[in-house]
Amino acid sequence: MKTRLMTLVVMMAVSISSFSVMAQNAQDAPAQKHAKQKPTPEQMMDRHVKMMEKKLVMDDATAAKFTPLYKEYLQAMKDCRPAVNKDVKKAEMTDAEIEKAIQDRFDARQKALDVQKKYFKKFKEVLNAKQLQKVFQQPCMDGKMNPDMRDHKMMKRGDKPGCMNRPHCDKCPMQAK
């Protein structure tokens, strides 16, 4: 009888202690979520630069010339993006707003093309032709997927992936038919 009572007391103590540990973990969970914050734009740019350096397989001297130039290029390309107004819903836009949005996208693409041409000349002084091709390679070109994009996290997601350059590309293999 005493052994049963003792076993019962031990089991109760273990279960109570496990509940308190679980409660502490639940209280720490929000703190852990906040500790795992999104990287800053500078950190993202640094990651992108490191990834491109690795992809281009270059020596230290070339990398030293390439890195600041590539950061400049990424910033210039970022500046080409049109401002997006998230408050305006597409269904509620007037004809004039739609036309302006389309014109803004055309202007942004032209500006991006001008930046690419400008930096092509600069990169040409540092990189060889194959490396240049990798820098300016697009994920979707004439309906053929870039082989590097096959392992991209966007391709592995469960939702419908889409071409980032042309969201309504009929030829793009990334588009759901």
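Please treat every number below as a calculation from the coordinates, not as lab data. Only a predicted model underlies this, so the values are computations on that prediction, with no experimental measurement involved. Using ideal geometry, Cβ is built from the backbone for each residue, glycine included, and neighbour counts are taken over all protein chains shown.
A few points about this structure:
- Model label sites at residue 7 and residue 88, defined 7 Å from Cα along the beta-carbon direction, differ in position by 7.4 nm.
- For the pair residue 36 and residue 77, a Förster radius of 41 Å applied to the C-beta separation gives a FRET efficiency near 0.90, rounded to the nearest 0.05.
- Subtracting the Cα-Cα distance of residue 97 and residue 117 from their residue separation scaled by 0.36 nm leaves 4.2 nm.
- Remark: for residue pairs 65/134; 65/130; 50/89; 78/134; 89/117, the C-alpha separation exceeds 27 Å in 50/89; 89/117.
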